[in-house]
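K.L.:
Have a look at this one before I ask anything.
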Amino acid sequence: MPEPRPYYSDKGLSAAFYDLITAQDASLAGDVELYASLAPAGGSVLELGTGTGRVAFALAEKGLSVLGLDIAPSMLAQAQTKHALRGPDLAARIRFRRGDMTALQLDESFDLVICPFFGLAHLPAGAAWRNVFTGVAGALKPGGKAAFHLPRAESLAGPAPPRERAVLQVSVDDAGRRLSIFVHERKAKAAIGRFDQVVDYVLTDARGREERRSRERLTYYVADPRPFAEAAGLRLEGAPTPLGGVGEVHVFAKP
Ligand SMILES: C[S@@+](CC[C@H](N)C(=O)[O-])C[C@H]1O[C@@H](n2cnc3c(N)ncnc32)[C@H](O)[C@@H]1O
């Protein structure tokens, strides 16, 4: 078996089937409504790690203008394809751009910055997080808010499920093809907030024969975001809001 590829890489199945998989993910239920409630009506939103635009399109449907930034071409390409298929009114409220959230260089400011579905947890909680928060503080209008959805360490630290038991199975088409996801390996270094997983994505035909397999490496870094936000001049807005049982959304404001 070749080396695991990084999550969301060009030839990986995690990127190819991202929308199908997240549509089944109960841990994301209610996230769009939560982000929408943080922005003024018709306001502007910067989404860090926008992926395929799952949240960006939903916020634009609520009348917000969204700039979605992502580092992975495989994810952005899907967002752009969906964008081209939308009506002109909605499409006019969304822009996607390739970029690294640790090095934000924007010549505009926003009412709200969001980093949904553990986006920040893909980066080590040191200089990278510091750079993200500095960039976010610079990109917010005075009074603007920033929301980061992060996993809780306890939800990642448990024992790995048996290798042979799929943690998720989804039907990918009407011809009976299925995608199954297996956890191949899980290593928790809870003391330093690092959680490594190797995950197998397996595509099978209607008779259960394997068509394609993609072994992918996913690392989450978990830490308290408050010191990073405060160092960047952002103020904590109340206690984090629990979301989906495994994570919570931390909200900050620019004074
Ligand atoms: C779990 S996906 C979330 C996608 C979308 N926000 C959602 O909620 O469905 C995380 C995204 O963060 C992106 N990402 C990871 N590191 C990044 C970085 N340094 N800068 C920008 N995007 C990054 C990944 O490419 C991926 O698309």
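What follows draws every value from the coordinates through simple rules; no lab data is involved. Bear in mind that the values here come from a model prediction, so they are computed numbers and not experimental data. For neighbour counting, all protein chains shown are included, and Cβ atoms are generated from backbone atoms with ideal geometry for every residue, glycine included.
K.L.:
Could you sort 103-110, 148-155 so that the peptide with the highest average Cβ count within 10 Å comes first and the rest follow in order? Intermediate values should be presented prior to the final figure.
P.N.:
Numbers: 103-110: 13.1, 148-155: 19.2.
Sorting 103-110, 148-155 by mean packing, highest first, produces 148-155, 103-110.
K.L.:
With point charges of +1 on the Cβ of Lys and Arg and -1 on the Cβ of Asp and Glu, referenced to the Cα centre of the chain, which listed residue (99, 123, 110) lies farthest in the positive direction of the dipole?
P.N.:
Checking the options against the dipole of the chain, the answer is 123.
K.L.:
For residue 82, which lysines qualify as cross-link partners when the Cα separation must be under 22 Å and same-chain residues fewer than eight apart are set aside?
P.N.:
11, 62
K.L.:
Can you pull out the trypsin sites (Lys or Arg not before Pro) in the range 199-242 whose DSSP state is coil and whose Cβ has at most 13 other Cβ atoms within 10 Å? Intermediate values should be presented prior to the final figure.
P.N.:
Numbers: sites: 207, 209, 212, 213, 215, 217, 235; in loops: 207, 209.
Taking the range 199-242 and a limit of 13 other Cβ atoms within 10 Å, the loop trypsin sites (Lys or Arg not before Pro) found are 207, 209.
K.L.:
Still on this structure: Need the full-extension length gain, residue 170 to residue 141, defined as separation in residues times 0.36 nm minus the C-alpha distance. One decimal, nm.
P.N.:
Fully extending the segment from residue 170 to residue 141 adds 6.3 nm.
K.L.:
Counting alpha carbon pairs within less than 8 Å and at least 6 residues apart, what relative contact order, in whole percent, applies to the range 154-220?
P.N.:
Normalised by residue count, the contact order of the range 154-220 is 26 percent.
K.L.:
Per-residue ellipticity at 222 nm for the chain, helices alone: DSSP H runs ≥ 4 residues times -39500 (n - 2.57), over residue total, nearest 500 deg cm²/dmol?
P.N.:
-6000 deg cm²/dmol
K.L.:
Let me ask something additional. Tell me, 250, 184 in order of fewest to most beta-carbon neighbours within 10 Å?
P.N.:
184, 250
K.L.:
With each pseudo-label sitting 7 Å past Cα toward Cβ, what's the residue 71-residue 19 distance in nm, one decimal?
P.N.:
Each label point is offset 7 Å from its Cα along the Cβ direction, giving 2.5 nm.
K.L.:
With charges set only on the Cβ (+1 for Lys and Arg, -1 for Asp and Glu), what does the dipole of the range 154-220 come to about its Cα centre, in debye to the nearest 20?
P.N.:
In total the dipole reaches around 240 debye.
K.L.:
Hey, another quick one. With contacts defined as alpha carbon pairs under 8 Å and 6 or more residues apart, what's the relative contact order of the chain in percent?
P.N.:
Values: 527 pairs, mean separation 50.1, N = 255.
Normalised by residue count, the contact order of the chain is 20 percent.
K.L.:
Report, ordered by chain and residue number, the aspartates and glutamates lying within cross-link reach of residue 187, taken as a straight Cα distance under 12 Å and ignoring same-chain residues fewer than 8 apart.
P.N.:
Hits, sequence-local ones excluded: 196.
K.L.:
Given Cα positions, please report Rg to Rh for the chain, the hydrodynamic radius being the Kirkwood one.
P.N.:
Reported Rg/Rh, Kirkwood definition of Rh: 0.97.
K.L.:
Just to confirm my numbers, what's the Cα centroid distance between the range 15-35 and the range 125-202 in Å?
P.N.:
12 Å
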